[in-house]
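Worksheet: the structure to be examined is printed underneath.
The values are calculated or read from the model by the stated rules, or taken from the named source; none is laboratory data. Remember, predicted model here, so these are calculated numbers, not experimental data. Cβ: placed from backbone, ideal geometry, glycine included. Neighbour counts: every protein chain shown. To get the accessible areas, we keep the full protein, side chains included, count just its heavy atoms, and leave off ligands, DNA and RNA. Shrake-Rupley method; radii C 1.70, N 1.55, O 1.52, S 1.80 Å.
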Amino acid sequence: MHLNGFVDVISKAFIDVVIQPGQKPDERQALHIMLDHFQPDEPSKYIITADRVYESYDLLFHCELKHLSYTLVMNPCL
């Protein structure tokens, strides 16, 4: 079992979770699902942060469509 959590760091509470099978977790898909569920009144108050496994143009576009700020850790070009 693999738990993907969407956490509000100010209130220290989970906003959403997606549980996936441990053998084939897809963190990027889970974040897209959680972003679809996320309907903030003031998107400008939130910053989405994500590690390397989440990087994709699709995710950037998803955040842009929802007017959310974001920071993503990217793999360096070798």
Protein accessible area in the chain, 1.4 Å probe - carbon and sulfur %: 57
Whole-number Å³ per residue for the convex hull built on Cα positions in the stretch 1-75: 91
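Determine the calculated [θ] at 222 nm for the chain from helices alone, applying -39500 (n - 2.57) to every DSSP H run no shorter than 4 residues and normalising by the residue count; nearest 500 deg cm²/dmol. List each step's numbers first, then the result.
Details: 2 runs with 20 residues, N = 78.
Computed ellipticity for the chain at 222 nm equals -7500 deg cm²/dmol.
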Karplus (6.51, -1.76, 1.60) ³J(HN,Hα), θ = phi - 60°, over the stretch 59-76, in Hz, Gly and Pro reported as x: 5, 4, 5, 4, 5, 4, 4, 8, 6, 9, 6, 8, 9, 10, 7, 10, 5, x
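So, for the chain, what is the accessible surface per residue at a probe of 1.4 Å, expressed in square angstrom? Before the final figure, lay out the partial values.
Details: 5850 Å² over 78 residues.
Result: 75 Å² of accessible area for each residue.
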Distance in nm between pseudo-label sites at ILE15 and LEU65 (7 Å out along the Cβ direction from Cα): 1.7
DSSP-defined antiparallel bridges as percent of all bridges, the chain, nearest 5: 65
Set of lysines near LYS12 by C-alpha distance (under 23 Å), chain-local residues within fewer than 8 positions excluded: LYS45, LYS66
